1. Per residue and in Å³, how big is the convex hull formed by the alpha-carbon atoms of segment A:387-445?
2. Tell me the mean residue ellipticity at 222 nm calculated for chain A from its helices only (DSSP H runs of n ≥ 4, each -39500 (n - 2.57), averaged over every residue, nearest 500).
3. Whenever you get a sec, compute what percent of the accessible area on segment A:476-535 sits on carbon and sulfur atoms (1.4 Å probe).
4. Please compute P(r) over all alpha-carbon pairs of segment A:2-225, binned at 5 Å starting from zero, and give each bin as a whole-number percent.
5. Where Lys and Arg each count +1 and Asp and Glu each count -1, what net charge lies around B:R14 among other residues with Cβ under 11 Å from its Cβ?
6. Hey, what D do you get for segment B:27-67 in µm²/s if you plug the Kirkwood alpha-carbon radius into Stokes-Einstein at 10 °C and 1.306 mPa s?
7. A:K572: which aspartates and glutamates have alpha carbons under 18 Å from its alpha carbon, excluding same-chain residues fewer than 8 sequence positions away?
8. P(r) of chain A in 20 Å steps, Cα pairs, percent per bin?
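The values are calculated or read from the model by the stated rules, or taken from the named source; none is laboratory data. Bear in mind the structure is a predicted one, so any value in this text is a computation, not a measurement. All Cβ positions, glycine included, derive from the backbone under ideal geometry; neighbour counts span all protein chains shown. Areas reflect the complete protein model, heavy atoms only, side chains present, ligands, DNA and RNA absent. Shrake-Rupley method; radii C 1.70, N 1.55, O 1.52, S 1.80 Å.
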Amino acid sequence: MQHILSQVEKPARYLGNEWNAVRKDHQGRITLALAFPDVYEIAMSHLGLQILYHVANQREDTVAERVYAPWTDMESLMRQHCLPLFALESKRPVREFDLVGFTLQYEMSYSNIINMLDLAGIPILARDRGNEHPLVIGGGPCVYNPEPLADFFDFFVLGDAEEVLGEILDAYAQAKSAGWSREQTLLSLSQISGVYVPSFYEVQYHDDGTIASVQPKADVPPVVTKRVLAELKPEYFPSKPVVPYLGTVHDRLSLEIFRGCTRGCRFCQAGVIYRPVRERSREDLVALAEAVLRATGYNEISLMSLSTMDYSDLAALVDDLLAKFGCDHVKLSLPSLRIDSFSIEQAKKVKQGRTGNLTLAPEAGSQRLRDVINKQVTEEDLLQAVSGAQAEGWRSVKLYFMIGLPTETEADLEGIFDLAKKAAWAHRYVKQPGKPMRVTASVAAFVPKPWTPFQWEPQDSMYVLEQKQLFLRELFSKDRRLTLNYHGAELSFLEAIFARGDRRLGRVLLEAHALGCRFDGWSEHFAFDKWMQAFAAAELDPTFYANRRRERDEVLPWDHLSPGVSKEWLWKEREAAWQLAVTPDCRSAHCSVCGVCQHLPVTTRLAKE
Amino acid sequence: MKYWLQYSKGGNLRFIGHLDMLHSWERILRRARVPLAFSQGYSPHPLLSLAAPLPVGLISQAEYLELVTTEAVPNLTEMIAVAVPSDIRVAGAVAVPDKTKPLMGLIRYADYLVEGIAEGQRAQLEKTLADFLGQTSVIRTVRRKSGMKRVDIRPLVHFAHLQGTTLRLRLSIGSVANLRVEDLLQHLDLIPSSLQIAREQLYLDVDGKAVTPFQYAAATGTALEG
Ligand code: SF4
C-alpha cells in the first residue's frame, strides 16, 4: 500500500487518517461502508454523508467507514496490483462489509458507482450477489427515480435517512443473527417505510416503449413513500465531522440551517423532494457551530440550505454568529443570495475585505418566462440588488440563467442579454450614482427532472440547444463588459436521459462501463461518443428519454415512489405555468396543498413565526 | 508573543504537503484554543510559518513551526497535545523575542537520515560518494521554481557518511542556498522513492557553526520551555 501511495498524485485522498475519523473494531459489529461516487475532494464536501457517518457511528453495534472513487491514477495502480476497493479507515476491502451505502447526488456519477462495485469485487448486478456479498444501498436525491440503477442496487432509501438508518440497522442485525438469506433479509427490510427493493417490482412495457405497469411481485407496498423528519434534532448533526488534510471543495464548517424549500420554482426537483421547510432554531445553530468549531478548528462557517436567505431569523442568526465568533477571525459565508436588498445587506455584514463575485440567479431573461417557472423576481428587484451591491464595493456579478425552458422563444433569449446589460449599468436604472459592473451570464441547459411540474416536458434537442448558445454568443459579443459562459449540451442531454430513465437503461450503464466510462462529470474524462456507442449496443434510443413529451396519463417510471407531493399537484402547477399563474411560497402565504403535509406526519417548521 | 515549536512528523502524514500542513496547523491551534495573532489588513491570516518545507514522502524528527500569539502561553505544548493527530509529536516550544527574524529566513542546514540502501549497492555507492566528496565543484542540472538550472552542488553538501546501509547527510537548505535531498540521491545513482528518508534536524548558522533553533534561542537569552 505505501508503495502504491507514493506513486499517486494525491496520496492524502486515500489515507483515512484525518482528524475525527472514527476507528472501531469490526469484530461483532455491523459494518457499513458509506460510499460517495466521486473523488475525495468532492465527497468530503458533502454534508449528507458526514451526517450518516455520525448517526451510524453513534451506535455501539455499528462501524461506519468511508469509501470514495479512487482517481484514475490510483485506479490503474489498484487494478495492476489486484488491490480491491478498500474503506479509508481500516483499509479493509469494501466487499467484506455488511452494507455498502452509496449517495446518489447526480446522474453523471452512475458510471462511477458501477466502476466502484467492479473495483470492490462485488458482482455488479444485484441478482448475481450471494449471501457472502454486501447489500448495496442507494440514498440521496436521485432515488426519487432510481430505475436506471435498479439492476445494481439491492435497495434504496427514500427521504431523510437519520431515523430510518437506525431501523435498517436494527432489521439487519436481526437478519444477521438469525442467519436469514439475502431474499429473506430484503423482504424484511422492504417492510420498513421508505425502503424500496426494486427486485420485488415487475415492470411491463407497451410496444411503443412506454411503461404499461409496475407491479409488486411480493408482499411489498405498491407505492414507497419517503421518510421525513418532523424536526431536525441537533443530536443528528455531526458535531465532530472529519477534517480533511487536503484542500476540498467546501473546506469549512457546513451548518445546515434548514431542510426543504417551498419557493416552488417549477424546474427544481430539490424544491419538491425535500418539502416541507424545517428550520433549526437559532439557539441550536449557534450551539452546533460552537461545538463543531471546537472539534475541528475550522475558520469558516457556511450557512447551508436550499435558499439560505429564506431562513426566517437570518439577520439575527448572522449577527449572533458574527458576535460570537467574529473576534476569533472565523468567517461566515452565505452560499446563495436572493435577489433583494435584504440579501445584499447580509452579504455586506459578512464580507471581509475585498469582495469576490456576487452570484444571483434570475434563471430566465423575461418576466413572462419567470412567471412560467414561478421564479418570483422582477427586473426591478435585480437592478436594485445589483446597484446596492455595487454601492457596497462589488465590481462584478455572475447571473445564472437557463435555456430550453418550456415555452421559451427568441424574445426570452434576447431577454438574457438585455438583463445582463442592464445589470451592468444597474445604477442608472435605479437612478443612483455609481460605476458599471462586470457581468458574467452563466447559461445552463434546462434538464427536465422527475417530480417537478416540468417532468412531462421534452428537453430541447442538442442541436436546438447549440443554436441557442450560438445565438446568445452572437448577442454577447457586442458588449465587452459582458461575459457568457455555457457548457456543452451533451452532458445535459445525458442527464435528461438518466433523470427520467427506466430500468432498461441499466443495459446502457453496463455497456458504458465496459467501454471505460467514468468520471463523466469531469470534462477531461467525459466521452460522449462512448455513451452513444453504449446506447447503440443496448438498442435504445436516447431521444426517447430526453426529447419526448410525456402524456398526462402515461405511467412514469417513478410512479410507484413518492416524495409525498402528489402527481395531481404537479400537473396543476404545470397548467399554472402555461397560464403564467404564480404560486406563492407556502411558508409565508397559504398552503397550496402539494400533498406533503397532508400525507406525511410533518408541517412547516420555522425558527421565528 | 513569538514561539518556536519543535515537532516530529511521521506515519502517513509524510504524504501531506507543506501548504496543507500549514493549514492543518491553524486548525490544530484553533482546536487547542491557542490565542493566535493575526495579520492586519484586508484578509487577516494567522501569523504562522513553517521553518522549511518538507518534501512529500519524507518523515521528520525536527520540524519547526513559528507562531505569534496575542498573549503569553506558558503551557503551550500541553495545550496543543490534545489537539494534534497521533502522527505528530510536539517535542517542545521556546519563546523568542518578538523582534527575532522569521525562522524561515534563518535556517541554513538540514540533516537527513537515509535508510534502506540495498546491500548490493553499497560498494558502488561508497565509491561514488568518495568521488563526489573528493571534488571541489560538481555541476548538476536541478529543478527550481524558475525552471531547470545548472548549480554547483558540491559546496551544498556539508557532510555525507555511509554507515552500513545508512547514509547521513547535512545539506544546505533555505533561502540562501538549497539542495533538495532527492536531487543529491539521484546524483549518487539512488532512487529516492525506494528509500526511507527522514529529516533529522534543522540548523541556523552562527559564525560558521551549525546551531539548532532551540540552541540559538537559548543563546539569545530566552528561557526554554516544554
Ligand atoms: S402541503 Fe402546503 S404547507 Fe406543506 S409543503 Fe405543501 S404547500 Fe407547503
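1. 75
2. Taking each H run of at least 4 residues, the total per residue is -10000 deg cm²/dmol.
3. Using a 1.4 Å probe with all protein chains present, segment A:476-535 comes out at 47 percent carbon and sulfur.
4. Answer for segment A:2-225: a P(r) of 1, 6, 15, 19, 20, 17, 10, 6, 3, 1, 1, 0 percent.
5. With Lys, Arg at +1 and Asp, Glu at -1, the net is +1.
6. 130
7. Cross-link targets: A:D371, A:E457, A:E551, A:D553, A:E554, A:D559, A:D585.
8. In whole percents, the pair-distance histogram is 19, 54, 26, 1.
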